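First comes the structure, then the notes that go with it.
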Amino acid sequence: MHDLILTIISKYNYWIYIVLLMIGLYAMMVKKNLVKKIIGMNILQTAIILFYISIGAKKDGTLPILLHTHHTGHHLVRAADYINPLPHVLMLTAIVVSVATLGVALALAIKVYHQHGTLDEDEIHARIRK
Amino acid sequence: MKVVGLIIILLCGGLLAYATTDFPNWGDPTSPAAMHVSAYYIENAVTDTSVPNIVTAILADYRGYDTMFETAVIFSAAIACFLLLRIFTPKSSQSRLYRHIATGITLRIEPGGKLPEKSDTFERIDSSWVPHDLIIKTACRLFIPFIQIFGLYVIAHGHHSPGGGFQGGVILGASILLFAVSNDLRSTISRMGEKLTAFLCSAGVFVYAGTGTLCMLLGANFLDYGALASLLGVDPVLARSHGILMVEIGVGMTVMAVMVSLYYILSSDGKLNEGL
């Protein structure tokens, strides 16, 4: 029992991302409104972004920006002192790309609304089958 | 459907939670992600590129290809939105609405009618009625220059402090969106037209790919900024930092223009006459 609580506490970042990912997936699968599906997709992307960022964290690590490097000459930089910059780079581009995909998805939703006069999935299906 | 979806998602969450037991703990400095290539980046970024911000160094130098294609992705997103929604309608065929500022009386002028001259007594308004909002307009007019200066600073100083092309581009785009929200879409487009945004979208990707090609022409690999040393008159390590700056400016241009053009097209339903 004590081990279980310790596991839950020491890995709390993963529980947050799992919950967010489940919320996003649920919205994408179950919600009928297309805009709600798009928002679900965005929540899912946010979950993945948080997952990557939390992987990069290190205890007692600071920002991956070095201080006073130009003039003091070369001094040893220890990797354990700085948090992992690689997930930050990957997610930096992923955030911008998620905005771009959100734009395209909304444009498609507007197009669907023009075509069918509704954003409800069931009504669109009924209109297509008619 | 709801129950089936819920069961699938609970199953998926259960699998993820089960896999989590093998994951490293929060903040573990010996986690697998921190052991291999990232340690090299942290220890050698400054000696390789003379850029203290390791995130920027990786973004634009070590993973330059990746970032170039990310820029191309958002560029193609703007093009996709344009092709999906843009409709060209003749300007003169619609009726226009004008407001007499002093009294608040609205005039509707049918096509062919005489339009009031440009003056302080009348202003053109959108077809959905909007209140006359002097405070919002004045406050935004005061804020926007500072936001833009800050955006330019974030792009140009991305080597030494948190920042870079993506962040600065988003801040610059947000300043123009703030103008569009506080005033109206028409006056925004008269200041930053559709052609300008399209030009900046493509010019940013061109600057990025052009920097890479310039390195190739100087005899190095694509995006190997060390080759710019002979052109810029500095040593190869410092030339990398200058090459990163050139690339970041390209990224900033594309990101800003994509944000603005996405807003233009989505908010006005592709007509670009009146928006939110």
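Each reported figure results from applying straightforward, stated rules to the coordinates on display, with no laboratory input. Source: prediction; values computed, not measured. Here the Cβ is made from the backbone with ideal geometry for all residues, glycine too, and neighbour counts use every protein chain on show.
Modelled spin-label separation between residue A:6 and residue A:48, with each label point placed 7 Å from Cα along the Cα-to-Cβ direction: 3.5 nm. Exposed loop sites, defined as trypsin sites (Lys or Arg not before Pro) outside DSSP H, G, I, E and B with at most 13 other Cβ atoms within 10 Å, are absent from the longest region of chain B, namely B:119-276. The three principal axes of the Cα atoms in the protein assembly as shown give end-to-end lengths of 76, 65, 41 Å, sorted in falling order.
The three principal axes of the Cα atoms in the range B:8-111 give end-to-end lengths of 72, 48, 34 Å, sorted in falling order.
Pair-distance distribution of chain B: all C-alpha pairs, bin width 10 Å, starting at 0; shares per bin in whole percent are 6, 21, 22, 20, 17, 9, 4, 0.
Taking 0.36 nm per residue of separation and subtracting the current Cα-Cα distance, fully stretching the chain between residue B:202 and residue B:15 would add 63.0 nm. Semi-axes of the equivalent ellipsoid of the range A:1-68 are 30, 20, 5 Å, computed as sqrt(5λ) over the eigenvalues of the C-alpha gyration tensor in descending order. For the range B:182-250, dividing the convex hull volume of the Cα atoms by the residue count gives 98 Å³ per residue. In loop segments of the range A:1-102 as defined by DSSP, the trypsin sites (Lys or Arg not before Pro) with at most 11 further C-beta atoms inside 10 Å of their C-beta are A:59, A:78. Normalising the average separation of contacting C-alpha pairs (under 8 angstrom, six or more residues apart) by the number of residues puts the relative contact order of chain A at 25 percent.
With the simple spin-label model, which puts each label point 7 Å out from Cα in the Cβ direction, the residue B:110 to residue B:276 separation comes to 3.5 nm.
Measuring between their Cα centroids, the range B:154-211 and the range B:1-77 lie 26 Å from each other. The separation of the range A:19-56 from the range B:101-134, counted between C-alpha centres, amounts to 44 Å.
The lysine pair tally for chain B, using Cα distances under 28 Å and a gap of 8 or more places or different chains, is 12. When only alpha carbons of the range B:119-182 are considered, Rg and Dmax amount to 15.7, 50 Å. Taken along its three principal axes, the alpha carbon spread of chain A comes to 73, 49, 14 Å, from the longest extent down to the shortest.
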